[in-house]
1. For the chain, what relative contact order do you get, as a whole percent, if you take Cα pairs closer than 8 Å and at least 6 residues apart?
2. How large, in percent, is the carbon and sulfur part of the accessible surface of the range 1-74 at a probe radius of 1.4 Å?
3. Nearest 20 debye, what's the magnitude of the dipole of the chain about its Cα centre given +1 on Lys and Arg Cβ and -1 on Asp and Glu Cβ?
4. Kindly state, as a whole number, the per residue volume in cubic angstrom of the convex hull around the alpha carbon atoms of the range 1-117.
5. Quick check: the angle from helix 96-108's long axis to the longest principal axis of the chain, C-alpha only, nearest 10 degrees?
6. State to the nearest 20 debye the size of the charge dipole of the range 1-105 about its Cα centre, where the only charges are +1 on K and R beta carbons and -1 on D and E beta carbons.
7. GNM, the chain, Cα, under 10 Å: largest mean-square fluctuation among Asn110, Asn89, Asn165?
8. Quick one: helix 58-76 against the long Cα principal axis of the chain, what's the angle to the nearest 10°, folded into 0 to 90?
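The values are calculated or read from the model by the stated rules, or taken from the named source; none is laboratory data. All of these numbers come straight from a predicted model, not from anything done at the bench. All Cβ positions, glycine included, derive from the backbone under ideal geometry; neighbour counts span all protein chains shown. Note: accessible area is taken over every heavy atom of the protein model, side chains too, but ligands, DNA and RNA are not part of it. Shrake-Rupley method; radii C 1.70, N 1.55, O 1.52, S 1.80 Å.
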Amino acid sequence: MNLFRLIGDLSHLLAIIILVWKIWKTKSCAGISGKSQVLFALVFTTRYVDLFISFISVYNSVMKVVYILCAYITVYLIYIRFKATYDSNHDTFRMEFLVVPVGGLAFLVNHDFTPLEILWTFSIYLESIAILPQLFMISKTGEAETITSHYLFALGAYRALYLVNWVYRFYFEGFFDLIAIVAGVVQTILYCDFFYLYITKVLRGKSLSLPA
């Protein structure tokens, strides 16, 4: 494992910890899109369905378990534990508009037409756009809390670092995965406006807002 992937994994883990900590500490999930979190739970479930039939390393298996557990804990906190604070009026993005096309694309464009490969491909495609309900929610409410902004920045940084990881692997290992790279580019592009606003506003102590 190269340094870029390791830092990317840690950034991803940090994003999840920030989110869970924010919800638990404030006893509120206000400003958090439950729909994005459901999509991320679906991403990890379909990607790591091979957890009990394929072993790569202890690190890999542990991270898979952590991601799955944290995803479902977050969904539980939003929809059950702190349901009264969930802003369903602003979390209105239609998930089926993402899941159905992505599912169809995974069947049509994949490395190998097998159940596990299709599920993995589905998870890669879905992860690239799973943040859309959250960004849509922020655009509707007008702004995001600082801690939510930190969560989104860490999540975006994870994907950007993974792009660097793919470049590294191509040049030093000769490994090239077009599906993962294209999905990573799409996901990073979605964060571009957010990155700019985070650097120019949040890091300067101002509130973050996305254009409606």
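1. 31
2. 78
3. 740
4. Here the figure is 130 Å³ per residue.
5. 10
6. With only Lys, Arg, Asp and Glu charged at Cβ, the dipole is about 260 debye.
7. Asn89
8. 30
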